[in-house]
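**Student:** Mind looking over this structure? Questions follow.
Any read-out appearing in this document is the output of simple, stated calculations on the displayed coordinates, not a laboratory observation. Since we're looking at a predicted model, the values are computed, not measured. Here the Cβ positions follow ideal geometry from the backbone for every residue, glycine too, while neighbour counts run over all protein chains shown.
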Amino acid sequence: MEITYEPRPDDRVLAVDPLSRGFGFVVLEVGPLQLVDWGVRNCAKREEQTRATAVRRMLARYEPTAIVIEDAREARWLRAIALEGFLAGIADALADST
């Protein structure tokens, strides 16, 4: 029996977790709760443009209704700096997609 995927674009969440060389991600849909996709996107460490491009592609592909990311205020100092840079890249990607 083959399982088919039926998109429900009304309730789709993209959760991202920045890593030293890219980011991990999970895409979930609600009603009923189902895992759509997950994985790691590898990007060049020093090139924020590469990350922004990868995020733009994910936004175009999954069209999430919400994006979830760790609160930089709760993170350790170096992690907070990395999160703020990643958030800036996501903000740029969102601005470009609208």
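**Student:** Take Asp96 and Asp10, extend 7 Å from each Cα along the Cα→Cβ direction, and tell me the distance between the two endpoints in nm.
**Tutor:** Reported label-point gap for Asp96 and Asp10 is 3.2 nm.
**Student:** Another one. Would you mind counting up the charge near Asp37? Only other residues with Cβ under 12 Å from its Cβ, with Lys and Arg at +1 and Asp and Glu at -1.
**Tutor:** +2
**Student:** Something else about it: Compare the peptides 15-25, 74-84 by average per-residue count of other Cβ atoms within 10 angstrom and give them in order, highest first.
**Tutor:** 15-25, 74-84
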